[in-house]
Structures are given as C-alpha cells and as structure tokens.
Amino acid sequence: MPKVTYVQSDGTSRTVEATVGRSLMQVAIDHGVDGIVAECGGNAMCATCHVYVDPARLDDLGPLCSDEEEMLDCTASPRAATSRLSCQLPVTEDLDGLVLRLPEEQL
Ligand code: FES
C-alpha cells in the first residue's frame with residue numbers, strides 16, 4: 001500500500017497508508033488528518049480539500065480537469081503552481097512517498 005505524508009502548516013506531519021482507488025482527500029479523512037475539510041464530499045465544489053503537492057511529483061498526478069481548475073481560484077489560502085484539490089486525486093501505487101503540504105486555512 002502506498003504511503004502518503006500530509007504536512008500541516010505548522011510543520012508537523014503524518015504518514016499514512018493510502019488505499020489505492022480512494023482519493024487523497026478520502027485517505028486524509030479516513031485517517032483523521034486535520035486540515036482537510038472536504039465540505040462538498042469530493043465533488044470539486046468547495047475547494048476545502050486544497051493541498052500543495054511536492055513539485056517533483058506533480059507529473060505523477062493526472063491533469064487538472066476544468067472543475068478543479070475553476071475551484072482552485074476559490075481556495076482560502078493562496079493558490080500556488082503546485083495547488084491541487086485532493087478529492088480529485090486518486091491514489092495509485094505510483095504515489096508511494098508522496099508529500100502533500102496542507103494550507104493554513106481551508107475556509
Ligand atoms: S472536497 Fe470539495 S472540492 Fe474537494
């Protein structure tokens with residue numbers, strides 16, 4: 001099972017085992033990781049599952065869809081070149097070792 005690390009804005013981090021096929025948002029919720037609100041339940045309609053992806057791993061993720069692209073303009077913390085919505089990122093074996101930084105605010 002791939003391991004994914006979620007790093008809080010204060011620098012504390014948590015590495016969890018991610019189930020293939022779940023989204024990176026669902027994995028965070030499954031493990032009680034703080035900092036992912038996921039108000040819309042994963043429908044790309046709230047931007048409260050915003051994460052910053054390790055730039056070296058951006059190519060391991062699928063491309064942005066138009067809904068994700070639009071919602072990333074509505075994040076509570078500033079959008080960056082590495083911003084993604086974790087609900088739109090399915091876990092694959094290729095993501096082992098992925099590091100996600102969580103924004104300071106989600107709402
Ligand atoms: S959970 Fe709402 S956009 Fe991801």
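Projecting each Cα onto the charge dipole of segment 12-107 (Lys/Arg +1, Asp/Glu -1 at the beta carbon, about the Cα centre), which of P55, Q88, Q106 comes out farthest on the positive side?
Comparing the listed Cα positions along the dipole, Q106 ranks first.
Cα convex hull of the chain: mean projected area in nm², to one decimal?
5.7
Using a simple spin-label model with points 7 Å from Cα along the Cα→Cβ vector, what separation in nm is obtained for M1 and A76?
In this crude label model, M1 to A76 measures out at 2.8 nm.
Using helices alone, I'd like the mean residue ellipticity at 222 nm for the chain: each DSSP H run of four-plus residues gives -39500 (n - 2.57), total over residue count, nearest 500.
For the chain, the value works out to -3000 deg cm²/dmol.
Can you tell which of S83, S23, S13 shows the greatest fluctuation in a Gaussian network model of the chain with Cα springs below 10 Å?
S13
Dipole size in debye (nearest 20) for the chain around its Cα centre, Lys and Arg Cβ +1, Asp and Glu Cβ -1?
200
Report the gain in length on full extension from D10 to D94: 0.36 nm times residue separation, minus Cα-Cα distance, nm rounded to one decimal.
27.5 nm
Write down the radius of gyration of segment 1-57 and its Dmax, each obtained from C-alpha positions, in Å.
Rg and Dmax of segment 1-57, Cα atoms, are 11.2, 29 Å.
Bear in mind that the values in this text are calculations on the coordinates, not laboratory data. Predicted model, so just to flag it, every value in this text is computed and none were measured. Backbone-built Cβ (ideal geometry, glycine too); neighbour counts: all protein chains shown.
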